[in-house]
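Let me begin by presenting the structure, written as structure tokens, before commenting on it.
What follows draws every value from the coordinates through simple rules; no lab data is involved. Source: prediction; values computed, not measured. For neighbour counting, all protein chains shown are included, and Cβ atoms are generated from backbone atoms with ideal geometry for every residue, glycine included.
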């Protein structure tokens with residue numbers, strides 16, 4: 001059984017209560033904590049040695065990545081993170097200096113975004129470091145874009161460049177908190193999420209939640225330099241466009257706005273965030289499915305795109 | 001380096017912000033989320049296969065224990081839990097039925113206490129199941145007992161019976177949420193926590209936080225049947241009183257009230273919770289240190305009591 005099948009098996013049975021606005025299934029849970037104008041956001045994520053980092057990863061980057069993944073999910077709701085708690089599993093003979101440096105990286109990122117680290121649990125994990133983070137945040141009730149709001153005719157945008165993240169960026173990325181809040185403040189975002197499993201895979205979550213389809217324009221997909229270099233260096237590497245569509249751990253924003261807002265949004269973005277690329281990569285369609293348009297025409301993208309591009 | 005030394009190394013450097021009323025160090029973090037009359041509580045905890053349960057543990061009990069530990073920390077603030085998120089680390093070839101049963105146990109406990117399970121993360125942990133839970137709750141601002149409020153002359157109480165928990169109870173215990181809220185509602189609790197590392201060890205946290213000492217009465221410590229049976233069955237087992245003072249995972253409440261409230265509290269408790277034992281086990285003293293009074297007189301309890309009792 002795959003992870004997604006397991007999640008589909010477990011999610012329908014989860015207990016709810018009256019405070020739950022959005023439960024498991026979006027980037028964060030959305031909770032009514034009793035505040036007049038804001039929802040609360042709640043999210044957990046984990047990184048594991050040998051899976052998300054290695055024994056050789058600089059410890060500061062481990063801590064940075066562990067928190068940054070959760071903050072990226074708060075960004076995916078256009079929210080503001082407020083506090084976090086940490087569970088760390090360690091071998092019995094752990095290296096205290098390594099753990100201190102993990103926390104240095106985590107604390108530095110937390111400070112930059114005003115996040116308090118308010119508790120933790122230290123436990124034993126004999127074979128490898130296991131770091132689980134839970135984060136709280138808030139978002140204005142009328143500015144909390146879900147995955148389910150995309151509409152036919154919407155323009156689809158992504159921030160930054162995609163693909164090849166595992167060669168470097170996945171340990172250093174800065175969560176797009178400021179960018180997401182600015183976007184939600186100035187434009188009506190119909191749908192928003194962060195890209196952690198590749199544009200092709202994650203866009204499908206928006207399409208499923210919104211009951212729409214999409215058409216991507218191959219030439220508009222912002223392929224990262226890392227993905228291009230990898231394709232040149234290794235004959236077995238994915239072609240760059242495939243990497244941009246399917247590589248994990250980009251942690252960029254993916255969102256849709258009404259088609260008429262596309263040009264004003266691009267203009268306003270350029271004057272506000274001159275150093276961060278923003279690309280309109282396609283449009284939402286009423287008919288279902290995900291298609292890619294390139295010089296050879298329009299064709300269906302199957303799950304993760306492998307069969308068409310490999 | 002031991003766990004407590006690591007926590008002492010890391011805690012001073014943790015980032016704070018204006019929302020933090022109590023950060024790392026009490027049973028839960030206490031946060032000002034902007035509600036007029038309530039604080040928010042935030043806590044994380046974890047259970048690991050081979051450490052807190054085994055491959056043979058009935059899966060429902062694994063899920064129950066993972067959540068119950070966190071709910072016991074909410075009880076330790078006299079709070080009400082509201083929602084939780086779960087991280088589960090699993091070997092690549094996991095048993096989906098086992099995971100479903102873990103969630104069955106967790107969900108059943110959550111439902112009994114009105115807790116919504118609002119999200120989760122599934123990740124890889126090749127050698128063993130790793131289950132981290134983060135829980136949110138709330139508590140009335142004027143009814144949130146910390147570890148730091150014990151005063152000389154206070155009576156010290158514990159609920160239930162202590163010791164021998166690992167023989168059975170640690171997988172089945174019901175967090176003392178209702179009892180703690182009733183206590184805080186009807187009496188002025190000076191200090192409150194849950195007992196997870198043994199009465200002798202955990203009482204020390206209250207003494208240190210409150211800058212006081214304590215005297216325990218050996219004959220008043222409620223020794224569990226499990227601890228007595230273990231001592232009879234195995235010549236190498238701890239004497240029952242030592243087990244009651246130092247065994248982990250009791251998850252009972254430990255609290256102090258002004259001495260004059262001791263008798264009215266015992267009377268009111270008996271008519272409210274006739275099935276749960278409540279014992280006055282000693283008193284808080286102005287002078288520092290932790291002493292035990294038995295038929296041989298008064299003597300100092302060293303850390304965990306081993307040297308005097310073994």
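Would you mind computing the Rg to Rh ratio of the stretch B:70-116 from its alpha-carbon coordinates, Kirkwood style for Rh? Don't skip to the end; give the middle numbers.
Details: Rg = 13.1 Å, Rh = 12.2 Å.
Rounded to two decimals, Rg over Rh is 1.07.
The Cα atoms of the stretch A:186-310 give a gyration tensor whose axes a ≥ b ≥ c have a/c of 1.5 or more with a/b no greater than b/c, which makes the shape oblate. If the chain linking residue A:274 and residue A:219 were pulled fully straight, counting 0.36 nm for each residue of separation and taking away their Cα-Cα distance, it would gain 17.7 nm. Between residue B:35 and residue B:182, the simple label model (points 7 Å from Cα in the Cβ direction) yields a spacing of 2.2 nm.
Arrange the peptides B:152-159, A:216-223, A:113-120 so that the one whose residues have, on average, the most other Cβ atoms within 10 Å appears first. Intermediate results must be reported in sequence, preceding the final value.
Values: B:152-159: 22.1, A:216-223: 17.4, A:113-120: 24.4.
Descending packing order for the listed peptides: A:113-120, B:152-159, A:216-223.
Between rounded, prolate and oblate, where does the stretch B:86-188 land on the alpha carbon gyration tensor, with a ≥ b ≥ c its root eigenvalues, rounded for a/c under 1.5, else prolate if a/b exceeds b/c? Taking the square roots of the gyration eigenvalues as a ≥ b ≥ c, the stretch B:86-188 is prolate. Treating each Cα of chain A as an identical point scatterer and summing with the Debye formula, the log10 of I(q)/I(0) at q = 0.09, 0.14, 0.16 Å⁻¹ comes to -0.46, -1.14, -1.44. Taking other C-beta atoms within 10 Å as the exposure proxy, B:102, A:99 rank A:99, B:102 from fewest upward. Would you work out if the stretch B:15-142 is rounded, prolate or oblate? Take a ≥ b ≥ c from the square roots of the eigenvalues of the alpha-carbon gyration tensor; rounded if a/c is under 1.5, else prolate when a/b is larger than b/c, oblate otherwise. Prolate shape, in that a/c is at least 1.5 and a/b is the bigger ratio.
Legend: mean number of C-beta atoms from other chains within 10 angstrom of residue C-beta atoms, peptide B:136-148, equals 1. A Förster distance of 45 Å, applied to the separation of the beta-carbon atoms of residue B:142 and residue A:258, puts the FRET efficiency at 0.40.
Contact order, relative form, for the stretch A:145-309: 42 percent (alpha carbon pairs under 8 Å, 6 or more residues apart, mean separation divided by residue count). Using a label point 7 angstrom from Cα along Cα-to-C-beta, what distances in nm, from shortest up, separate residue A:277 from the other copies? So the label point of residue A:277 gives 6.9 nm to the other copies.
Is there a simple number for the mean count of other chain Cβ atoms within 10 Å of the Cβ of residues in B:20-29, and what is it? Spell out each step's value before the answer.
Working: counts 5, 1, 2, 5, 7, 2, 1, 1, 3, 9.
Partner Cβ neighbours, averaged per residue: 4.
Computed over the protein assembly as shown, the P(r) curve from all C-alpha pair distances, binned at 20 Å from the origin, holds 19, 50, 24, 7, 0 percent per bin. The residue B:51 and residue A:296 beta-carbon pair, evaluated with R₀ = 60 Å, returns a calculated FRET efficiency of approximately 0.60. Between residue B:166 and residue A:152, the C-beta separation translates, for a Förster distance of 56 Å, into a calculated FRET efficiency of about 0.40.
How much mean residue ellipticity at 222 nm does chain B get from its helices, if each DSSP H run of length 4 or more adds -39500 (n - 2.57) and you divide by all residues, to the nearest 500 deg cm²/dmol?
-9000 deg cm²/dmol
Take every DSSP beta bridge whose two residues both sit in the protein assembly as shown; close to 75 percent of them are antiparallel.
How crowded by other chains is B:49-62, given as the mean number of beta carbons from other chains within 10 Å of each beta carbon? Mind showing how you got there, number by number?
Numbers: counts 1, 3, 6, 2, 0, 0, 0, 0, 0, 0, 0, 0, 0, 0.
The mean count of partner-chain Cβ atoms within 10 Å per residue comes to 1.
Using the average count of surrounding beta-carbon atoms within 10 Å as a protection proxy, the listed peptides B:257-270, A:72-85, B:188-201 rank, highest first, as A:72-85, B:188-201, B:257-270.
Ranked highest first by the average count of other Cβ atoms within 10 Å around their residues, in what order do A:240-253, A:52-65, B:136-149 fall? Walk me through the numbers before you get to the answer.
Details: A:240-253: 23.9, A:52-65: 18.0, B:136-149: 20.5.
Going from most to least packed, we get A:240-253, B:136-149, A:52-65.
With the label put 7 angstrom out from Cα along the Cα-to-Cβ vector, residue B:172 ends up 5.6 nm from the copy partners, going from closest to farthest.
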